[in-house]
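The values are calculated or read from the model by the stated rules, or taken from the named source; none is laboratory data. For clarity, every value in this text was computed on a predicted model and none was experimentally measured. Reconstructed Cβ throughout: ideal geometry from the backbone, glycine too, with neighbour counts over all protein chains shown. When the accessible area is computed, the model is the full protein with side chains, heavy atoms only, and any ligands, DNA or RNA have been set aside. Shrake-Rupley method; radii C 1.70, N 1.55, O 1.52, S 1.80 Å.
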Amino acid sequence: MKQIYILRHAQTNSAGELTESGKNAAILLAKKLPIFDTVVCSPYQRAIQTAQLLRGKMPITDERASFYMAAQQNSDAINMLARQNKITFFEAVQIFDNKDVLKGMYSQANKLYELINELLDQKGNNALIISHDFTICPTLQKWGRPLVSLDNLNGAIIYDKDRYINYPRH
């Protein structure tokens, strides 16, 4: 049975670089994961590094696994809201409740959904996608998951038959 693993990148610091803790967690998780025929990730360095740590090789980068980049003014306001309330960026986006930001987020989620379905339709067994909370969460709503933030290196497994989904905790 074909499986698509979709995971949030490993833990990062404020500069968006993987922390030592994030790197170590990815190395530990790599031992538990199956072999993947295809590894795809966002073009952001944190996603590329996570994919490399999980699979030991350079992944394919695809913009559909990326995230919507809000206008700088909105992004700054959302980041400030997240810091002030000690919440994730994704949680702050929901509180910020800007129509343009939400529209962009869901548009990017549709692109990730397209990528997932494309991988499910391709030959081969398993695929891994490394993406971002801001894109994964609204994508997983299509399978009935509530719109809540994901911990690093968590996500879902989507199965080919009936597009069934599972949410493992690592």
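Here's a check for you: in the range 66-86, which residue that is out of contact with any Pro (no Cβ under 8 Å at 6 or more places or on another chain) and touching a residue at least 60 places away in the same chain (Cβ under 8 Å) is surrounded by the most Cβ atoms within 10 Å (Cβ to Cβ)? Quick ask: steps written out before the conclusion?
We begin by selecting, within the range 66-86, every residue out of contact with any Pro (no Cβ under 8 Å at 6 or more places or on another chain); these are 67-86.
Now restrict to residues that are touching a residue at least 60 places away in the same chain (Cβ under 8 Å): 67-68.
On the way: 67: 22, 68: 20.
Going through the qualifying residues, I end up with 67.
Can you find even one residue in the range 96-111 that is touching a residue at least 40 places away in the same chain (Cβ under 8 Å), out of contact with any helix residue (DSSP H, G or I) (no Cβ under 6 Å at 6 or more places or on another chain) and surrounded by 18 or more Cβ atoms within 10 Å (Cβ to Cβ)? Full working, then the answer.
Just the residues of the range 96-111 that are touching a residue at least 40 places away in the same chain (Cβ under 8 Å), to begin with: 108, 111.
From the residues that got through so far, the ones that are out of contact with any helix residue (DSSP H, G or I) (no Cβ under 6 Å at 6 or more places or on another chain) too are none.
Among the residues of the range 96-111, not one is touching a residue at least 40 places away in the same chain (Cβ under 8 Å), out of contact with any helix residue (DSSP H, G or I) (no Cβ under 6 Å at 6 or more places or on another chain) and surrounded by 18 or more Cβ atoms within 10 Å (Cβ to Cβ), which makes the answer no.
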>> Residues to consider are 82, 25; find the one that is part of a helix (DSSP H, G or I) and within 18 Å of residue 137 (Cα to Cα).
In response: 82
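Test of understanding: among 91, 63, which residue is in contact with a Pro (Cβ under 9 Å, 6 or more places away or on another chain), open to solvent by 40 Å² or more (accessible area, probe 1.4 Å) and either among the acidic types (Asp, Glu) or closer than 24 Å to residue 147 by Cα (or both)?
Values: 91 fails: in contact with a Pro (Cβ under 9 Å, 6 or more places away or on another chain).
Exactly one of 91, 63 is in contact with a Pro (Cβ under 9 Å, 6 or more places away or on another chain), open to solvent by 40 Å² or more (accessible area, probe 1.4 Å) and either among the acidic types (Asp, Glu) or closer than 24 Å to residue 147 by Cα (or both), namely 63.
Hey, can you tell me all the residues within the range 111-156 that are among the polar types (S, T, N, Q) and under 16 Å from residue 4 (Cβ atoms)?
The initial filter retains those residues of the range 111-156 that are among the polar types (S, T, N, Q), namely 117, 122, 125-126, 131, 135, 139, 141, 149, 152, 154.
Hits for the range 111-156 are 117, 122, 125, 126, 131, 135, 139, 154.
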